[in-house]
Every structure is written in C-alpha cells, then in structure tokens.
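Colleague: Take this structure, written in structure tokens, and hold onto it; I'll ask about it next.
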Amino acid sequence: MGKYLISQEIGSFRKPKYLSTVFHKIYGTEEYYRLSEKATDETIELLSHAGLDNIGVGGEMFRWEMYEHQANRIDGIKFYGPVRSFDNRYYKKGSIVDDLSIKESFHSDELEYLLSRDYDNIKIPVTGPYTMMDWSFNEHYRDRYETAMAFASLLNGEIKTLKRLWDSKYPGRKLEIQLDEPATTTHPDEMDMVVDSLNKSVEGIDNCEFTIHVCYSTDYRLLYDVMNDIKIDGLNLEFANRDKLEPGTSDSARPGYEDLKYFQQLNTRKKFIGLGVTDVHIDYIEPVQLIKDRINYTLNIMPPDLVRVNPDCGLRTRSIEIGYEKLKNMDIARKEILKEIK
Amino acid sequence: MQVEKLVYGIYPKTNELRLHIGRWEKGMLPDASLSENIESEKALFYDLLSERSIHHTDPLFNWYDILRPISLIVDGIELGPLTRFKETNSFYRMPLVGDITGISVDPKNFSPLNENPPLPLYINSGEYFNAFLPSPVSFFKMSRSSIPYSEFQEKIENIYTGILKEFGLKSLVLYDPIPYEKTDVLDISPMKDFKIKLITTGKLYSGNVNGNPYSIIVDYSAENFKISSEKSKVPGVKLVDGYNTRMETLSDINGKIESLDADRIIVSHSEYFDFLPRIIADRKLDLMSNIGE
C-alpha cells in the first residue's frame, strides 16, 4: 500500500521572514547558511507534520528563485536587471554573453546539509536545460539548440556531482532528481530540443529516479507525445489551476484532468504522474472532498501505483499557514482514498 | 524616406515603482498614493520621449497585463486562471468572456480595481500620444469565450469606441501579439473614425485585415511589408528586438530601412519592452531615437 499515491511537494515553500527579508544581503555568508539550514529544518518538520512522504529539499530555503539560483553559479551569464513574470513578480533573467561553465555547484551545499541531518526521503529539484535556455537572453550561441545543449552539459555534470554526494551517504539507493521544465511546451516546434537536452542532462547517470515538472502549459499533449523518448520515470504536473472548484468525478466536473486519458493511452512505458491537486496561486483551501474527487477521477484512468499526489507547483507564493493547510488536506484526502482502495 | 518611430505597450518599471506596487499589494500603500506614484513615473517616461519625437502609447505601468484592465472594467468579462503569455515566462490572467454589456468602471479617472493597480487607463502626453488596446483577434484567442468571435469583435469594438471617445483620443495602437491564421479576420471598419496603427505578429495574410488602418506594423519580411504597404496608408515594420538584450546596431537598422520601398514608414519593436530589463529598454529607446537620423 505504501507505494500507492505517494505524496510529495514540488519544490519551493514560503520562506520564514527571518530569512526572506535578509536573503540577498547575506547570500553566501555564514549567516546565510545558518538561516537557510534553520528554515530548512523548520519547513521539513512542517511538511512531515502535514503528512508528506517525500519532503523534497525542505522548500528550497537555500534558493531564491529557480532560474536565478543556478544562473548565478554559471560563468558566461550576465545580469542586467529583473524582468517581470506577472503582476508585480519579477525574476532575474540572465544574458548569455560567453561560453557557459559551472562556477560553483548549484545544489551541493543544500544536499550536504540534508545528508548531514540524515534525511533520505528527498527529491532534488534542478531547473532543466530547456527552461534555462528559454529563460535566458542569448547574445552568444548560434541558436537555441546549441544553447540548450550547452546548459544540458552543465546539468549533467551537476547531477553527477549530486549523485556522488548521495552515494557517499546512501550507496546503492536511488536518488530522486526532479528536472523543472516549466518552459517545456511553450514552443511546440522545439519538442525535439526538449527531448535531446533532457536526455543529455541525464546521460550516463544510473540509479537515479528522474522526473520532470511542468506547469501552466497550454498543451500537455505536446509533452505526452514525446514522453516515451525522454529518459524519465515520471511527470509531476499542474492540473488543479485549470480545474473547477465544484465537487464531482465526471468529465464535466473535472475538466482540468481530462487530458490524462490521452496521457494514459500513450503511456506504454508506465511512467507515473505526480498529480497537482491543489492550486498554488489561490488562497482557497481545497476541501478534502474536492481533492479526493480529483484523485478518484484520475484513478478511473490509471492505476494507483502510477499516481503520486502533489501541489500544482511550489507553494512559495502562499503563506506558510495556507501552504500547510493545503498540504494537510491533500494528505487527508489521499489517506482516505488509500483506505478505500485497501 | 520619412521615418516615424513608435514605442508601444507596457514599459518596464523603475525599481522604485516596483517597490511602491509591492507595498500597495501588501495593503501598506493606499490606492490614491499608488496612483500618484504611477502618474509621476509616467511623467518621467514622457520626459524621456519628449525631445525625441517618438510616437508612443501610455507606458501602462498600471496594467498588470495587456488584457487585465479591460477585463476588469467590462461587464461580461471576468478574470480566469493565470496563463502563460505566448512562449514566454510571463503570465496573464485569462479573460472569461460572457455576455458583454458595457463598461462598469470609469476608465478616465482615478478608480481603484481589484487585482490591478488603479485607473485611469491612460494619461495623455499630447502630440505624439496614442491609446493602446489589445486587438480583438488576440484578445479573443487569449480568452475563454462563450460567444463567437464575430459577436465578441462587434461588442469589444463598441467598448473600445466608447473608451476612445471618453478620452477624446483619435490615435490608437491596436496590438496583436498572437500570429494570425490565414482565416482570421480583423474588421476595423466600425472604427473608421480613428487613426489605427495595427501591430501584428508573425506572418500576415492579405485577407487578415478589413478596414483602412493608418498603418499595419509587421514583423520584418518582404511578404509582410508588401501587405502592409497595400493595406495601410503608412507601412510599418518592427526592427528592434523586444525579446533580447543584444543591442541592434543603427547601421543594420538603417540598412534594412533603406532596402524597403516606401516614402514613409513607421519603425517599431518586436514586442513591448516589458520583457527586457529596464536598463536595456532605455538603451533601445535611445537607439530608436536615432533611427533614420
């Protein structure tokens, strides 16, 4: 039963104020590490209390933003200033001005800390090569393909570094890596580039569970069409944002999840779905029944060993309290369903 | 050749204005104060343009996305889910279009809105000013609608006409960020009283536009430019990249202009500048001011 409906987070969680208010000022200092570690422990405690099987990296307390964190640690990228993402949210979008090379490991410090605390139910989010390419301005490489593959080479080295660290603590056990690729389906004619760059990123790395996280895609079918060509075990996707809030398990009640029928038709390699069951962009706490309906609708399409449950995306945009309540309801819902399955 | 330059759409905000909006979002700054901050920033932006004879729209510092304020003031349109804007890492709230009946909020004066900084929609800067509105074709494609396109177009153009009359404006930039399909038709004949500069994206087909726009500003290609020349009084072309920090050279741009067969053209940018860091947008603005000189 433990392997059914594994619950997981997707990555980020709201930082405590003592960290968020000083993050940029103290970045890289001893104080940064002290506060990031403290916040990681507190978030892991909260995620565990909410009932999550997999606690990720404790809400990405070492990172400010998924693109910026990695781009900051790469030579060849220059920052001119922030770029708006939506409303009043901004991110630092780098410009590639030279050949890319790793200046400093992206996530070793974070993983070393988690290992020092003996956490083993973790999943490390790493921003994928296609998204790194798509979210950068390119002033240097010949074209987008060459840029994506340059990022893929860097990521391959980074994942190997993480794997070595993991093996030193847990030899023989699988390391879970989530390749965050929200840009994946944004250029329908570039799906081959997505496949090639992801495969290059994981090339030659054994005994890892690789997943891909995609959110706010206008067409997941583009991804489903090529998923069997990508060397990944599962897809952690956003669905709740595109669904209704009324209860029910009919097609008309669950429009956000209907695409899964297409997924399952193509899923010859038995990849699992990390099912986004709670919307990270609204404060509304989805009731247990609604989450159960979303899961049960999915279970009518695919078997429970191929379904994991998670929020749509990282919960950093919600308050700590609301993030917790959303996860708690997710846990109650999946446990009730597990009882029913049993 | 006479070259007219046009800057349109949302322009990147200064850090200071971002901080003001952040405080407003947290309830620490009243609507009226934010409105004053935005007005001051718009005045600075207009100062930046005033000596350069660049035609422009409002910088739309108070528009969270190019559809949001329109969605919020029109009865019959609601805000839907956060949706990716084309292939970028920017998002907008998808309009949910029902039965459009009119405008419920005064667009011309200070009016607080939910989920968007307060109105007015525009602050008129004078001689070189143009209103800015999303083209009905892209508006419809970026929405979820329960009415057909023909009905949507008719009703939204009525709304647009009302807005322009309210502001007493004759010049309008209609922006189409989504490429046309061959079968798409934008009929602007009901808005014939206005001087419309239509900005299109991607390949343009000759049947895409009905009516007589003052200009159709197209992505740079011989085919597009030919249609723009045939279908509008002053052809227009996008020659400055709004998606990349790489700076164009003046000689490249002027070389492209010289290759075009026209007595008069409008030169603009490929996407509104909000996709660039402010410092780069300012540099591109500088560059634009020297085009054709």
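Colleague: Which of the numbered conditions does residue A:305 fail, given that it passes all the others? Conditions: (1) in contact (Cβ under 8 Å) with a residue 12 or more places away in the chain; (2) closer than 27 Å to residue B:83 by Cβ.
Modeller: (2)
Colleague: Turning to a different aspect of this structure: Taking residue A:186 as meeting all but one of (1) more than 12 Å from chain B (Cβ to nearest Cβ); (2) of a type in the set (S, T, N, Q); (3) within 20 Å of the chain's Cα centre (by Cα), write down the number of the exception.
Modeller: (1)
Colleague: Looking for something part of a helix (DSSP H, G or I), under 21 Å from the mean Cα position of the chain (by Cα) and facing chain A (nearest Cβ under 9 Å) - is there at least one such residue anywhere in region B:11-19?
Modeller: Yes: one or more hits.
Colleague: Further question: Only one of B:84, B:144 is over 30 Å from residue B:43 (Cβ atoms), free of Cβ contacts under 8 Å to residues at least 24 places away in the same chain and within 14 Å of chain A (Cβ to nearest Cβ). Can you tell me which?
Modeller: Just a single option satisfies the conditions, and that option is B:84.
Colleague: Of the residues A:217, A:252, which is outside any helix (DSSP H, G or I) and within 14 Å of chain B (Cβ to nearest Cβ)?
Modeller: A:217
Colleague: While we're on this one: Here's a check for you: in region A:134-181, which residue that is acidic (Asp, Glu) and either within 14 Å of another protein chain (Cβ to nearest Cβ) or in a helix (DSSP H, G or I) (or both) is surrounded by the fewest Cβ atoms within 10 Å (Cβ to Cβ)?
Modeller: Among those residues, the one meeting the criterion is A:143.
Colleague: Looking only at region B:185-232, count every residue that is of a type in the set (S, T, N, Q) and part of a loop (DSSP other than H, G, I, E, B) and tell me the total.
Modeller: Counting residues in region B:185-232 that are of a type in the set (S, T, N, Q) and part of a loop (DSSP other than H, G, I, E, B) gives 5.
To keep it simple, each residue is scored yes or no on (1) away from every other protein chain (no Cβ under 14 Å); (2) of a type in the set (Gly, Ala, Ser); (3) free of Cβ contacts under 8 Å to residues at least 24 places away in the same chain; (4) part of a loop (DSSP other than H, G, I, E, B).
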site: B:37; (1), (2), (3), (4): no, no, yes, no
site: B:56; (1), (2), (3), (4): yes, no, no, no
site: B:62; (1), (2), (3), (4): no, no, no, yes
site: B:69; (1), (2), (3), (4): no, no, no, no
site: B:94; (1), (2), (3), (4): no, no, no, no
site: B:98; (1), (2), (3), (4): yes, yes, no, no
site: B:101; (1), (2), (3), (4): yes, no, no, no
site: B:105; (1), (2), (3), (4): yes, no, no, yes
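Colleague: Further question on the same structure: Consider only pairs whose beta carbons are under 7 Å apart and that are at least six residues apart or on different chains; among these, list those whose first residue lies in region A:1-29 and is under 19 Å from residue A:110 (Cα atoms) and whose second residue is surrounded by fewer than 15 Cβ atoms within 10 Å (Cβ to Cβ) and not basic (Lys, Arg).
Modeller: A:14/A:319
Colleague: Next question. Just to be sure I understand, how many residues within region A:73-98 are buried (at least 19 other Cβ atoms within 10 Å of the Cβ), of a type outside the set (Gly, Ala, Ser) and in contact (Cβ under 8 Å) with a residue 12 or more places away in the chain?
Modeller: Result for region A:73-98: 5.
Colleague: Are any residues in region B:127-141 more than 28 Å from residue B:84 (Cβ to Cβ) and in contact (Cβ under 8 Å) with a residue 12 or more places away in the chain, and if so, which ones?
Modeller: Result: B:128, B:129.
Colleague: Also: May I ask you to list the residues in region A:261-293 that are part of a helix (DSSP H, G or I) and in contact with a Ser or Thr (Cβ under 6 Å, 6 or more places away or on another chain)?
Modeller: The one that is part of a helix (DSSP H, G or I) and in contact with a Ser or Thr (Cβ under 6 Å, 6 or more places away or on another chain): A:293.
Colleague: Which of the residues belonging to region A:26-82 are within 14 Å of chain B (Cβ to nearest Cβ) and touching a Pro at 6+ places or on another chain (Cβ under 6 Å)?
Modeller: Across region A:26-82, the qualifying residues are A:80, A:81.
Colleague: To continue, here is another question. Among the residues of region A:72-87, write down those that are closer than 27 Å to residue B:67 by Cβ and acidic (Asp, Glu).
Modeller: If the condition is that a residue be closer than 27 Å to residue B:67 by Cβ and acidic (Asp, Glu), then A:87 is the only one that fits.
Colleague: Let me ask something additional. Filter region B:168-179 for residues that are under 24 Å from residue B:91 (Cα atoms) and touching a strand residue (DSSP E or B) at 6+ places or on another chain (Cβ under 7 Å) and give the result.
Modeller: Selection gives B:173, B:174, B:175, B:176.
Colleague: Identify all residues within region A:294-316 that are part of a helix (DSSP H, G or I) and either among the polar types (S, T, N, Q) or in contact with a Lys or Arg (Cβ under 9 Å, 6 or more places away or on another chain) (or both); write none if there are none.
Modeller: A:294, A:295, A:296, A:297, A:298, A:304, A:305, A:306
Colleague: Also: So residue B:127 ticks every box in (1) assigned to a loop (DSSP other than H, G, I, E, B); (2) within 14 Å of chain A (Cβ to nearest Cβ) but one. Which box is left unticked?
Modeller: Of everything listed in (1) assigned to a loop (DSSP other than H, G, I, E, B); (2) within 14 Å of chain A (Cβ to nearest Cβ), residue B:127 misses just condition (2).
Colleague: Only residues that are within 14 Å of chain A (Cβ to nearest Cβ), surrounded by fewer than 17 Cβ atoms within 10 Å (Cβ to Cβ) and within 18 Å of residue B:179 (Cα to Cα): list them for region B:213-262, please.
Modeller: B:243
Colleague: Which of (1) surrounded by fewer than 15 Cβ atoms within 10 Å (Cβ to Cβ); (2) farther than 30 Å from residue A:134 by Cβ is the odd one out, the single condition residue B:144 does not satisfy?
Modeller: That leaves (2) as the condition not met.
Colleague: Among (1) in a loop (DSSP other than H, G, I, E, B); (2) closer than 25 Å to residue B:4 by Cβ; (3) out of contact with any strand residue (DSSP E or B) (no Cβ under 9 Å at 6 or more places or on another chain); (4) at pLDDT 95 or above, which single condition is residue B:182 missing?
Modeller: (2)
The values are calculated or read from the model by the stated rules, or taken from the named source; none is laboratory data. Here the structure is a predicted model, which is why all the values come from computation and not from measurement. All Cβ positions, even for glycine, are placed from backbone atoms using ideal geometry, and neighbour counts span all protein chains on display.
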